[in-house]
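Just below is one structure, and these are the notes that go with it.
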Amino acid sequence: MTVSDHGARHVAIIMDGNGRWAKKRLLPRVAGHKAGVEAVRTIVRAAGDLGLEAMTLYAFSSENWKRPEEEVNDLMGLMKRFILSDLDEFAANDVKLKVIGDWRALAPDVVALIDNALDRTSGNKRTTLAVALNYGAQDELVRAAKAAAAQGEITAETIEANLDTADMPPLDLLIRTSGEVRLSNFLLWQSAYAELYFTDKLWPDFTPADLKAALDQFARRDRRYGGL
Ligand code: IPE
Ligand code: IPE
Ligand code: MG
């Protein structure tokens with residue numbers, strides 16, 4: 001039996017619950033986000049080991065700007081540090097970085113850092129790690145529809161070809177942690193026939209064993225796509 005017998009190629013995760021994880025420990029929210037980055041590191045390693053071709057992680061939504069400026073700054077700072085400190089690890093594990101969402105609208109230093117990381121990992125082949133940054137699915141769909149219209153015709157195919165995820169395998173499994181049961185403007189188009197998996201675990205507590213459990217359940221699901 002090989003690691004990818006679960007049959008999933010692309011898994012996406014709404015990494016939710018960092019704030020509640022910190023609150024439970026009487027820590028500031030930023031401590032939860034730091035613990036969340038540690039979980040990202042472990043899960044990205046596990047994704048490769050579990051034979052996934054692609055993993056998309058929701059890191060900052062287009063609605064997260066509504067949070068206090070201090071928290072937004074903390075999140076951006078952690079993002080920058082993560083990209084910088086993990087570039088060597090991406091190289092070692094053959095991880096190709098991708099960023100989806102309106103990330104070019106972020107601060108110039110963040111954009112430059114991302115550009116460099118994309119460039120340095122572009123030749124890696126084992127796993128694609130797509131980080132959703134300043135991402136909102138409705139915004140993605142508006143951008144894709146505009147691009148499709150500019151190219152001639154708006155069809156399901158031309159919209160899909162202009163999504164941020166166009167070069168990725170179809171989404172198989174969407175996981176959300178922390179007990180919330182909603183999509184919060186994440187991958188709305190791509191979720192049309194993805195399997196959904198909700199767990200009460202808070203994101204910093206989510207382990208490779210939890211990912212494996214989700215994939216085991218995925219392997220037992222019957223995907224019918226409207227057929228029999
Ligand atoms: C998810 O954790 C991380 C981001 C949205 C950036 P939250 O910060 O949403 O944590 P909760 O939902 O308040 O517990
Ligand atoms: C979704 O979580 C966004 C990320 C995980 C980055 P939120 O915590 O922002 O979602 P809501 O506000 O509970 O819907
Ligand atoms: Mg949340």
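Every read-out reported here was derived from the displayed coordinates using simple, explicitly stated rules and does not represent laboratory data. Everything quoted here is computed from the prediction, not taken from an experiment. Positions of Cβ are generated from backbone atoms using ideal geometry, with glycine treated the same way; all protein chains shown enter the neighbour counts.
Which cross-chain or sequence-distant (5 or more) residues have an amide H under 5 Å from the amide H of LEU57, H modelled 1.01 Å from N in plane?
ILE13, ALA130, VAL131, ALA132
Counting each pair of different Cα atoms once, what's the Kirkwood radius of the chain in Å, rounded to one decimal? It would help to have the intermediate numbers written out before the result.
Numbers: mean 1/r = 0.0550 Å⁻¹.
Hydrodynamic radius (Kirkwood, Cα only) of the chain equals 18.2 Å.
List, in order, the whole-Hz ³J(HN,Hα) value for each residue of segment 138-144 obtained from phi through the Karplus relation with A = 6.51, B = -1.76, C = 1.60 and θ = phi - 60°; use x for Gly and Pro.
Running phi through 6.51 cos²θ - 1.76 cosθ + 1.60 with θ = phi - 60° gives 5, 5, 4, 5, 5, 4, 5 Hz.
Counting every Cα pair in segment 20-138, what percent are over 21 Å apart? Walk me through the numbers before you get to the answer.
Numbers: 2674 of 7021 pairs.
In whole percent, the share of Cα-Cα pairs in segment 20-138 beyond 21 Å is 38.
Using just the helices of the chain, give the 222 nm mean residue ellipticity in deg cm²/dmol: DSSP H runs with n ≥ 4 each add -39,500 (n - 2.57), and the total is spread over all residues, rounded to 500. Show your work: numbers first, answer last.
Details: 7 runs with 100 residues, N = 228.
Computed ellipticity for the chain at 222 nm equals -14000 deg cm²/dmol.
At what distance in angstrom do the alpha carbon centres of segment 5-54 and segment 183-198 lie from each other?
When both Cα centres are located, 17 Å separates them.
With a sphere of radius 14 Å drawn around the Cβ of ALA161, what net charge do the other residues whose Cβ falls strictly inside it have (Lys, Arg +1; Asp, Glu -1)?
Values: positive: ARG143, LYS146; negative: GLU140, GLU153, GLU157, GLU160, ASP164, ASP167.
Computed value for this residue: -4.
Can you figure out the FRET efficiency of ASP94 with GLN138, using R₀ = 41 Å and their beta-carbon distance, to the nearest 0.05?
Taking R0 as 41 Å, the efficiency between ASP94 and GLN138 is 0.75.
Work out from phi, with θ = phi - 60° and the Karplus expression 6.51 cos²θ - 1.76 cosθ + 1.60, the ³J(HN,Hα) of each residue of segment 215-228, listed in order in whole Hz, and give x for Gly and Pro.
3J(HN,Hα) across segment 215-228, in whole Hz: 5, 5, 5, 4, 4, 8, 6, 9, 8, 10, 6, x, x, 9.
If each Cα of segment 97-228 is one equal point scatterer, what is log10 of I(q)/I(0) from the Debye formula at q = 0.18 Å⁻¹?
Summing over Cα pairs of segment 97-228 leads to -1.25.
What relative contact order, as a whole-number percentage, does segment 1-80 give when Cα pairs under 8 Å and 6 or more residues apart are counted?
Relative contact order here is 40 percent.
Among the chymotrypsin sites (Phe, Trp or Tyr not before Pro) in segment 127-228, which ones are in a DSSP loop with at most 12 other Cβ atoms within 10 Å of the Cβ? Mind listing them?
Qualifying residues, ordered by number: TYR193, TYR225.
Obtain the nm distance between the two label points defined at ARG224 and GLU70 by a simple spin-label model: each point lies 7 Å from its Cα along the Cα-to-C-beta direction.
A separation of 5.2 nm, rounded to one decimal place.
Please compute the contact order of segment 63-211 in relative form: average sequence separation of alpha-carbon pairs under 8 Å and at least six residues apart, divided by the residue count, as a percent. The partial results should precede the final answer.
On the way: 161 pairs, mean separation 27.4, N = 149.
Reported relative contact order: 18 percent.
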